[in-house]
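The values are calculated or read from the model by the stated rules, or taken from the named source; none is laboratory data. Just so we're clear, the structure is a prediction, and the values are computed from it rather than from any experiment. Ideal geometry is used to build each Cβ from the backbone, glycine not excepted, and the neighbour counts take in all protein chains shown.
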Amino acid sequence: MIRLSRAASTFLLVAVAMVIATATATAGTTSSTSAAPVTARIVGGGKPDDATYSSMLRSTVAIISMNAPSQYDGQFCGGTLIDDTHVLTAGHCIVENDPYTYRSAPSSMRVLVGSRTLNDGSLNPSQLIPVQTIFVHPFFNLDTFRYDAAVLRLSRPVTDVPTVSILSDEESAGLGIDSAEVPAIAAGWGDTDTESEDCCFPTDLLALNQTIHTDSTCHSNLDDSPTWRYSAAYEICSGAVGKDTCQGDSGGPLYVSVGGTPRQAGIVSHGVGCGEGFYGIYTKATAIRSFVESIPGIVPGDTRDGTHGPDDSGAPTISSATPINFRQVRLNVSPGAGPAPTKYTLWLRSGPAASAEDVYLGSRTGSSFVVNLPSRRTTAPWRVLVRSLVTNGESPAAQVRTGPKVDQIRPTTPRGLVASRSGSTLTARWGRSIDRQSGIDSYDVQRRSGSRWGKVQHVNGTRLRVRAGSGGEIRVRAVDRAGNVSAWSRPDFY
């Protein structure tokens, strides 16, 4: 199950939390602790001491819904501060459905930084930072939860909270992740009770010691689970009976220690129950590191070189964009500088550049392809972004304003016109017309009492009430937002 939070069930139906794993440099004893997958508390953990919080956990953040009455009620997912303006979290905290739609707009989310508590009375307003832009991993799959990762760009930089680096391949190999039992620490505001959902959420951040298990151990434990299949290429597993992450911990980090310095080894993703026999599943941080580095302007942890991904690919060139109809456009694209892309990822920018929401539209191969856009009614141009994808790292985006094809389709003719007269008042009603592209703008109504039709009257709804005058006929037609008109309806007498 997804590790959902209280705000998910109450406001966003999304999961949040913080799972943080810390590994000591020594290969000695390990104590394992886990958190429940159902709400917003760690299962089997406790409050971290000041030294542990300061040295390992300060990069942990809470993602808050602004639709909630308090920070406590609004916390729906966890995350980590990976540079001064970016937070790493889980993809399922941000999107739902396929094709993806945002669970919540960036403008309705805030990130709480540098705080152990969700108590409103203890918070400094400067610790709540609005979200400006969302980036979801282009390969995130809501069915398998592979590449369950997203990045939030903050509206202003954080200056007094340490950031955490994502574990590198070399560091992962040095720790023996995949082949050895590695100590870790988990932390979050998720559910602490495995018996009931939405029961026991702490106000203060909780933490617990965990163990990242070997691939073979994860397979033997999880391959028999009723709902999930473990994939070592994209995931790691951790936990023990009575010690696990739980609902409300989604998006939070699993920390390990590399030479005494915290590194993020995983992102809380999903699991079967909370500490009930099956291990918790985390997005493998090394599998999504190149995605994080591919986001323009990001400087994750101590990787301060290169903001265009591991291969430093240049933005592609869009040579032409030809609208096919009101929801499709054909693009001709050529690669930019650097290695040839394996494919292109496509995005629809739906907001102004300063606070854009880039909606993932899919990926394409080749140099000429059709982009399917949302089927909402529109006459405004689309802003389509194209990024080259090379070894899972994305280039900067090329952008084009295009389409839709000019709406020349007439609306359907209004049906069911009925006119009636009561004294000196004429009342007319008719059925709604349909326009698939632009949508209906208004209706034209015309009357005649002799041989000629009179002046057209514009009506916004499907009802007209006017002074009747002398008897006669009335008819109606629909007008769409592009100015196309339907045929006139069959007249009715009054």
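Points to keep in mind about this one:
- Residues that are in contact with an Asp or Glu (Cβ under 9 Å, 6 or more places away or on another chain) and surrounded by fewer than 21 Cβ atoms within 10 Å (Cβ to Cβ), drawn from region 130-144: N141, L142, D143
- Qualifying positions in region 198-218 - of a type in the set (A, V, I, L, M, F, W, C) and in a loop (DSSP other than H, G, I, E, B): C199, C200, F201, L205
- Residue within region 469-480 that is out of contact with any Phe, Trp or Tyr (no Cβ under 9 Å at 6 or more places or on another chain) and crowded, with 16+ Cβ neighbours inside 10 Å present: yes
- A315 being surrounded by fewer than 23 Cβ atoms within 10 Å (Cβ to Cβ), closer than 18 Å to F135 by Cα and at pLDDT 75 or above: yes
- Going through (1) in contact with a Cys (Cβ under 6 Å, 6 or more places away or on another chain); (2) on the phi < 0 side of the Ramachandran plot one by one, G251 falls short only on (2).
- Flag for P99 being at pLDDT below 75, surrounded by fewer than 23 Cβ atoms within 10 Å (Cβ to Cβ) and in contact with a strand residue (DSSP E or B) (Cβ under 8 Å, 6 or more places away or on another chain): yes
- Within region 49-88, considering residues that are part of a loop (DSSP other than H, G, I, E, B) and modelled with pLDDT of 85 or more, the one farthest from A149 (Cα to Cα): R58
- Selection of strands (runs of 3 or more DSSP E) fully inside region 392-436 by the criterion of at least 3 residues being touching a strand residue (DSSP E or B) at 6+ places or on another chain (Cβ under 7 Å) and within 22 Å of S320 (Cβ to Cβ) returns 398-402.
- Residue within region 386-397 that is within 30 Å of P335 (Cβ to Cβ), among the basic types (K, R) and in contact with a Ser or Thr (Cβ under 6 Å, 6 or more places away or on another chain) present: yes
- Close pairs from region 65-83: first in contact (Cβ under 8 Å) with a residue 40 or more places away in the chain, partner part of a strand (DSSP E or B) and among the hydroxyl-bearing types (S, T, Y), Cβ under 6 Å, at least 6 apart: G74/S65; F76/S65; C77/T89; G79/T89
- On the stretch given as region 219-235, residues that are more than 23 Å from the chain's Cα centre (by Cα) and either of a type in the set (D, E) or in a helix (DSSP H, G or I) (or both) total 6.
- Checklist (1) in a loop (DSSP other than H, G, I, E, B); (2) modelled with pLDDT under 90; (3) touching a strand residue (DSSP E or B) at 6+ places or on another chain (Cβ under 6 Å) applied to Q132, failing item: (1)
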